[in-house]
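The values are calculated or read from the model by the stated rules, or taken from the named source; none is laboratory data. Just so you know, these numbers come straight off a predicted model, no measurement behind them. Cβ coordinates were reconstructed from backbone atoms using ideal geometry, including for glycine residues, and neighbour counts include every protein chain displayed. Each accessible area value is taken on the protein alone, full model and side chains, heavy atoms only, with ligands, DNA and RNA left out. Shrake-Rupley method; radii C 1.70, N 1.55, O 1.52, S 1.80 Å.
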Amino acid sequence: MMDFYATLGGACGERETLLAMFGAGMTAVRLNLSHVALADCAPLLGGFRAAAAEAGVAPRLVIDLQGPELRVGRLEKPVELPEGGEVLLGAGGIPVPQSVPDAAQTGDKLSLDDSALLLEVTARERAALRCRVLRGGTLNSRKSLAILGRELDSPTLTAEDEINLHDAKRFGVTDVLQPFVRGAEDVHTLRAALDREGLADVRIMAKIENRRALGRLDEILDAADELCIARGDLGNAMPLWELPRVQKELARRCVDAGKPFCVATQLLWSMHERAVPTRAEVLDIYNAVLDGASGLMLTGETAVGKHPVDAMRYLVNTANEAKKA
């Protein structure tokens, strides 16, 4: 049986919407805790539980931790970054972790918001980076940040992660998505934290998002319960045209090892706005199923998109069609 994940958010928080998504085939939900604490999601989870009970289903509840991912800090309001303009990251400018100004060099390119925006470092200051905007747009708080071609060392679990794991039992969490796994040690660290909280039965889904994980895939396959091919940041870690080959290789390795895996990021990206997906998107879903995926995960399509029910319906129906092949 395949799992079909929606990401919970304002666009799908109403009982009627969730009921319709269950009716369309949704079997699991993801909470993105990069921006919010699990305890703060209590009202959203209350509605989700009520809808699940009414639909007569017992869905999996997956929390996606912060982990060692780099992110922009809190902004008072969205910041417009016009192409060709200049922006300061760090002290006196847009807040970022200090490890970013410490590590970046002149000429480095910085990806923001899963590559929606792209900057180039033109000068380094003591605690900041002066950058030119190569690909502009609107930057919101807590969006992802990556120095392309560089990996920074960070703790496996943040203080916020520890708090969320402490609260996981009372909210009925069944799975944990572990971001930016770098090797088996990261998985073992999370496993130990779950054990301390009396959550030994919670499954660990290791997100493959960087080159370090690709180089240590065998040990991650042994340590994790499931893998998630998280194509957003994985696509930042390499030229984008290499991503399809890497995704196919990851899928093959999982199948050979007998390890379940899900595919995430931009499966139905156009459905943020459009009621009907592109032909390329449904083909992408179809191919992921043929490659052996045990789960497919929608993110912004359901959390903030305009057509969360339709997105789930296209996801499930396309996957079911692929199973007939």
Q. Which percentage, to the nearest 5, of the DSSP beta bridges contained in the chain is antiparallel?
A. 40 percent
Q. Tell me, what is the percent relative contact order of the chain, built from C-alpha pairs under 8 Å that lie six or more residues apart?
A. 19 percent
Q) What percentage of the solvent-accessible surface of the range 158-303, computed with a 1.4 Å probe over protein heavy atoms, is contributed by carbon and sulfur atoms? A) 55 percent
**Q.** Label point distance in nm, ALA50-ASN140, each placed 7 Å from Cα along Cα→Cβ
**A.** 2.5 nm
Q) Ignoring ligands, DNA and RNA, what accessible area per residue does the range 61-194 give at 1.4 Å, in Å²? A) 44 Å²
Q) Tell me, what HN-Hα J-couplings in whole Hz come from the Karplus equation 6.51 cos²θ - 1.76 cosθ + 1.60 at θ = phi - 60° for each residue of the range 307-318, using x for Gly and Pro? A) 9, x, 5, 4, 4, 5, 5, 5, 4, 5, 5, 5
Q: At 0.36 nm per residue, minus the direct Cα-Cα distance, what do ASP218 and THR106 gain on full extension? Give it in nm, one decimal, please.
A: 36.8 nm
Q. If each of ALA192 and ALA257 carries a label point 7 Å out from its Cα toward its Cβ, how far apart are those two points in nm?
A. 2.1 nm
Q) Can you list the HN-Hα couplings for the range 271-277, worked out from phi with the Karplus curve (6.51, -1.76, 1.60; θ = phi - 60°), rounded to whole Hz and with x for Gly and Pro? A) 7, 4, 10, 8, 7, 10, x
**Q.** Computed helical MRE - 222 nm, the chain, DSSP H runs ≥ 4 contributing -39500 (n - 2.57), nearest 500
**A.** -10500 deg cm²/dmol
Q | Anisotropy class of the range 1-92 from Cα gyration tensor, a/c 1.5 cut | A | prolate
Q.
For LYS324, LYS259, give me the order by solvent-accessible area with a 1.4 Å probe, most accessible first, ignoring ligands, DNA and RNA.
A. LYS324, LYS259
**Q.** Per residue accessible area in Å² of the range 211-294, where ligands, DNA and RNA are left out and the probe is 1.4 Å
**A.** 46 Å²
Q.
Per residue, how much accessible surface does the range 8-60 expose to a 1.4 Å probe? Answer in Å², no decimals.
A. 39 Å²
Q) How far is helix 184-196 tilted, in degrees, relative to the longest principal axis of the Cα atoms in the chain, given as a value from 0 to 90 rounded to the nearest 10? A) 60 degrees
Q) Carbon-plus-sulfur fraction of the accessible area of the range 69-118, 1.4 Å probe, in percent? A) 49 percent
Q: Show ASP222, ASP113 ordered by accessible area, largest first, where the area counts protein heavy atoms only and the probe is 1.4 Å.
A: ASP222, ASP113
Q | Heavy-atom accessible area ranking, 1.4 Å probe, most first, across ASP195, ASP310, ASP40, ASP186 | A | ASP40, ASP195, ASP310, ASP186
Q.
For a test of the definition: using alpha carbon positions, the gyration tensor, and the 1.5 limit on a/c, classify the range 76-212 as rounded, prolate or oblate.
A. prolate
**Q.** Against the rule of thumb 2.2 N^0.38 Å, how large the Cα Rg of the range 175-297 comes out
**A.** 1.09
Q. Under the classification rounded if a/c is under 1.5, otherwise prolate if a/b is larger than b/c and oblate if not, where does the chain fall, given a ≥ b ≥ c as square roots of the Cα gyration tensor eigenvalues?
A. rounded
Q) So which GluC sites (Glu not before Pro) in the range 230-325 pass both tests, a DSSP loop state and at most 15 other Cβ atoms within 10 Å of the Cβ? A) GLU273
Q) Going through the range 30-85, which GluC sites (Glu not before Pro) have at most 12 other Cβ atoms within 10 Å and a DSSP loop state? A) GLU76, GLU83
(Q) Could you derive backbone 3J(HN,Hα) for the range 105-115 from the dihedral phi with the Karplus parameters 6.51, -1.76 and 1.60 (θ = phi - 60°), listing whole Hz in sequence and x where the residue is Gly or Pro? (A) 10, 4, x, 5, 9, 10, 9, 10, 6, 6, 6
Q. When the Cα centres of the range 248-325 and the range 182-225 are compared, how far apart do they sit, in Å?
A. 23 Å
Q. Which length gain, in nm to one decimal place, applies between ALA42 and GLU185 when the Cα-Cα distance is subtracted from 0.36 nm times their residue separation?
A. 48.3 nm
Q: Past 22 Å, Cα to Cα, is the threshold; run LYS143/LYS207; LYS248/LYS306; LYS207/LYS306 against it and keep the listed order.
A: LYS248/LYS306; LYS207/LYS306
